Amino acid sequence: MGLRFDHVGIAVWDLRPATELWGGVLGGRFVQGAPDYAGYAFLQLEYEAGSRVELLSPTSDRQGFLARFLEREGEGVHHLTFLTDDLRSECARLRSLGQRVMDEDFSDPRWMEAFISASLGGRRLLVQIAQSDLDQQGQDRLHSDHSLETLLRTAAELSQQK
């Protein structure tokens, strides 16, 4: 089976105003998230037809990849994510087409990932290719142990700590 579009990831400094736009104004429904997942907070909002936006914000790692991205690029699209049924084969296929595959991680079958950097007229766009042994509802359950308000509050507190 080929690649399936999963979500667009948007990097922001503060989740609350972004959530008000993508959730409140545009109607996304909170389905999953974590206030400090490897040094950053994330949350996903789902729309009526099933498409998703993922908001990402640095929390405990204020020097990590996400903070560096925000300092360099400002708030905006960070990545596009596509799912595959066989990440290893997809990485091999991408390499055979001349793509440089980066940061391959096969350590957790619940979420395995690799990245390519697509050229867009002098700019780059990070593309995440992922595989999971969980379906979408299983992933949502895995990252749904916080209410949206608790996630936003905890992420804000963590981002203020030095």
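The values are calculated or read from the model by the stated rules, or taken from the named source; none is laboratory data. The structure presented is a predicted model; accordingly, all values stated were derived computationally and were not measured. Glycine also receives a Cβ, built like all others from the backbone with ideal geometry; neighbour counts cover every protein chain displayed.
Does Arg88 satisfy the criteria of being in contact with a Phe, Trp or Tyr (Cβ under 8 Å, 6 or more places away or on another chain) and farther than 26 Å from Pro109 by Cβ?
On the way: in contact with a Phe, Trp or Tyr (Cβ under 8 Å, 6 or more places away or on another chain): yes; farther than 26 Å from Pro109 by Cβ: no.
Here the answer is no, as Arg88 does not meet what is asked.
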Checklist entry - How many of the residues making up the stretch 90-101 are touching a strand residue (DSSP E or B) at 6+ places or on another chain (Cβ under 9 Å) and surrounded by 11 or more Cβ atoms within 10 Å (Cβ to Cβ)? => result 5
Checklist outcome for this item: Restricting the stretch 58-67 to residues that are surrounded by 12 or more Cβ atoms within 10 Å (Cβ to Cβ) and out of contact with any strand residue (DSSP E or B) (no Cβ under 6 Å at 6 or more places or on another chain), the one nearest to His7 (Cα to Cα) turns out to be Phe65
Checklist outcome for this item: The condition of being out of contact with any Asp or Glu (no Cβ under 8 Å at 6 or more places or on another chain) and surrounded by 16 or more Cβ atoms within 10 Å (Cβ to Cβ) holds, among Ala41, Ala11, Ala49, only for Ala41
Checklist entry - Restricted to the stretch 1-47, and to residues that are at pLDDT 95 or above and part of a loop (DSSP other than H, G, I, E, B), which residue is nearest to Leu87 (Cα to Cα)? => result Tyr47
Next on the checklist: Looking at the structure I just gave you, is Phe30 over 18 Å from Ser57 (Cα atoms) and among the aromatic types (Phe, Trp, Tyr)?
Outcome noted: no
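I'd like the full set of residues that are farther than 17 Å from Asp140 by Cα, among the small types (Gly, Ala, Ser) and touching a strand residue (DSSP E or B) at 6+ places or on another chain (Cβ under 9 Å), limited to the stretch 3-45.
Quick first cut of the stretch 3-45, residues farther than 17 Å from Asp140 by Cα only: 3-4, 10-22, 24-27, 38-40.
Now narrow it down to the ones that are among the small types (Gly, Ala, Ser): 11, 18, 24, 27, 38-39.
Ala11, Ala18, Gly27, Gly39, listed by residue number.
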Item to check | Residue ID - nearest to the chain's Cα centre (by Cα), chosen from residues in the stretch 75-127 that are among the hydroxyl-bearing types (Ser, Thr, Tyr) and outside any loop (DSSP other than H, G, I, E, B) | outcome: Thr81
Checklist entry - Is there a residue being at pLDDT 90 or above, among the acidic types (Asp, Glu) and surrounded by 13 or more Cβ atoms within 10 Å (Cβ to Cβ) anywhere in the stretch 110-121? => result yes
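One line per residue, one yes/no per condition, for (1) under 22 Å from Ser144 (Cβ atoms); (2) touching a residue at least 12 places away in the same chain (Cβ under 8 Å):
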{"site": "Tyr47", "(1), (2)": "yes, yes"}
{"site": "Arg72", "(1), (2)": "no, no"}
{"site": "Thr84", "(1), (2)": "no, yes"}
{"site": "Val101", "(1), (2)": "no, yes"}
{"site": "Asp105", "(1), (2)": "no, no"}
Checklist entry - touching a Ser or Thr at 6+ places or on another chain (Cβ under 8 Å) and surrounded by fewer than 18 Cβ atoms within 10 Å (Cβ to Cβ), is that true of Arg4? => result yes
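Could you tell me which residue of the stretch 122-143 is farthest from Arg72 (Cα to Cα), considering only residues that are of a type in the set (S, T, N, Q) and surrounded by fewer than 17 Cβ atoms within 10 Å (Cβ to Cβ)?
Quick first cut of the stretch 122-143, residues of a type in the set (S, T, N, Q) only: 128, 131-132, 136-137, 139.
Restricting the remaining residues to those that are surrounded by fewer than 17 Cβ atoms within 10 Å (Cβ to Cβ) gives 136-137.
Details: Gln136: 32, Gln137: 34 Å.
Going through the qualifying residues, I end up with Gln137.
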